[in-house]
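Taking it in order: structure first as structure tokens, then the write-up.
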Amino acid sequence: MPQFDLPLSELQQYLPARSEPADFDAFWEKTLAQAASFTLDARFEEVDAGYSELVTEDVTFAGYGGHPIKGWLLRPRSATGPLPTVVTYIGYGGGRSLLGEWTAIPSAGVAHFVMDLRGQGAGHRSGDTPDPGVGGPHFGGHLTLGIDSPETYYYRRLFTDAVRAVEAAQSHAFVDRERVLISGGSQGGAIALAAAALTPLRLEHPPVAAIVDVPFLAHVRRATELVNTAPYSELVRYLGIQRGREEEVFATLAYFDGVNFAARAGIPALFSVGLLDDICPPSCVYAAYNHYAGPKSMNVFPYNGHENGGPAQAAEHIRFQRDVFSR
């Protein structure tokens, strides 16, 4: 796949106008206030997964609508006292999977909280959390689920779960609630952007930094005009059948677009982009990055696609975490 988007020099300056609903902040304040009316009820049950150097725990907490959301918490067995903690959000179609996929971060001496994704977990990782939310006509996965209005849209529930996940992690005795970092790639990057903007609305101690790799759901309308790969192809196919509903659909999506969350996020953030990425186009990643209100840096991988830096970026995660947690 050749580079198909804007040249890097133009990407670095790309700052498109944001389409933002007038009641964007009121919508999210109301949504999070409603979620807070449900007791968090965070429960941690130790499970023996055979990792002698780690304590591994099965997590359940109440997310949007009080729905039970699953997760994992892993921490070094030898560690004492509250630990800096990474909260991870997962890419599209994935779930929390098995504990063996999450042992790298606690090996660096920190705790690792992994949030399962409601209704997902049949794509690249297995999941354990149902979505009792609304159905209705949609195409394929979750991108068009409930898209008739922002109140019923799938990502309203998922982004609320993400805020509650940080709160659940902070309720654990071994988690230092003042040193929590949020992280995710692709859909996980979209969730991390949302959580970076929304957690300060509800939490006394919001996360101190974010890792946002190749974020999905950013500058969405442009993405549908540039690529026809999944998951954006779900939206293209939906609009190809639901003819004449484009403005209504994009009006809903404006409440969930990463560029609008980026403009409200103030914590330090590490981004990454692959210039060959035909799933989350580089200009859409840069739209979020250039609108991001906090301190930020971007790792650019000119000859990589959606995988961006792969293990090289994972090493950058450890460096960034160490720097953040040592402050």
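Odds and ends about this structure:
- Within the range 270-280, the presence of at least one residue that is buried (at least 22 other Cβ atoms within 10 Å of the Cβ), more than 20 Å from the chain's Cα centre (by Cα) and over 28 Å from Phe325 (Cβ atoms) is confirmed.
- Residue in the range 149-158 that is modelled with pLDDT of 90 or more, among the basic types (Lys, Arg) and within 20 Å of Pro215 (Cβ to Cβ) present: yes
- All conditions but one from (1) assigned to a helix (DSSP H, G or I); (2) more than 30 Å from Ala36 (Cα to Cα); (3) within 19 Å of the chain's Cα centre (by Cα) apply to Tyr238; the one that does not is (3).
- For Ala315, the conditions (1) of a type outside the set (S, T, N, Q); (2) surrounded by fewer than 23 Cβ atoms within 10 Å (Cβ to Cβ); (3) assigned to a loop (DSSP other than H, G, I, E, B) all hold with the exception of (3).
- Hey, Pro215 in a loop (DSSP other than H, G, I, E, B), farther than 16 Å from Asp277 by Cα and touching a Leu at 6+ places or on another chain (Cβ under 7 Å) or not: no
- Count of residues meeting criterion [on the phi > 0 side of the Ramachandran plot and either in contact with a Gly (Cβ under 6 Å, 6 or more places away or on another chain) or assigned to a strand (DSSP E or B) (or both)] in the range 296-311: 1
- Some residue of the range 184-200 being within 15 Å of Asp257 (Cα to Cα), touching a residue at least 60 places away in the same chain (Cβ under 8 Å) and out of contact with any helix residue (DSSP H, G or I) (no Cβ under 9 Å at 6 or more places or on another chain): yes
- Failed condition for Gly146, given (1) surrounded by fewer than 24 Cβ atoms within 10 Å (Cβ to Cβ); (2) in contact with a helix residue (DSSP H, G or I) (Cβ under 7 Å, 6 or more places away or on another chain); (3) at pLDDT 95 or above; (4) assigned to a loop (DSSP other than H, G, I, E, B): (3)
- Screening the candidates Glu178, Glu167 for the property of being free of Cβ contacts under 8 Å to residues at least 60 places away in the same chain and either more than 16 Å from Ala269 (Cβ to Cβ) or in contact with a helix residue (DSSP H, G or I) (Cβ under 6 Å, 6 or more places away or on another chain) (or both) yields one hit, Glu178.
Each row is one residue, and each column tells you yes or no for (1) loosely packed, with under 15 Cβ neighbours inside 10 Å; (2) in contact with a Lys or Arg (Cβ under 7 Å, 6 or more places away or on another chain); (3) under 24 Å from Leu98 (Cα atoms); (4) in contact (Cβ under 8 Å) with a residue 12 or more places away in the chain.
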site: Ser9; (1), (2), (3), (4): yes, no, no, no
site: Arg18; (1), (2), (3), (4): no, no, no, yes
site: Phe27; (1), (2), (3), (4): no, no, no, yes
site: Arg43; (1), (2), (3), (4): yes, no, yes, yes
site: Ser52; (1), (2), (3), (4): yes, no, yes, yes
site: Thr60; (1), (2), (3), (4): no, yes, yes, yes
site: Gly71; (1), (2), (3), (4): no, yes, yes, yes
site: Pro84; (1), (2), (3), (4): no, yes, yes, yes
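The values are calculated or read from the model by the stated rules, or taken from the named source; none is laboratory data. The structure displayed is predicted, hence computed values, not measured ones. Every residue, glycine among them, receives a Cβ derived from its backbone with ideal geometry; neighbour counts consider all protein chains shown.
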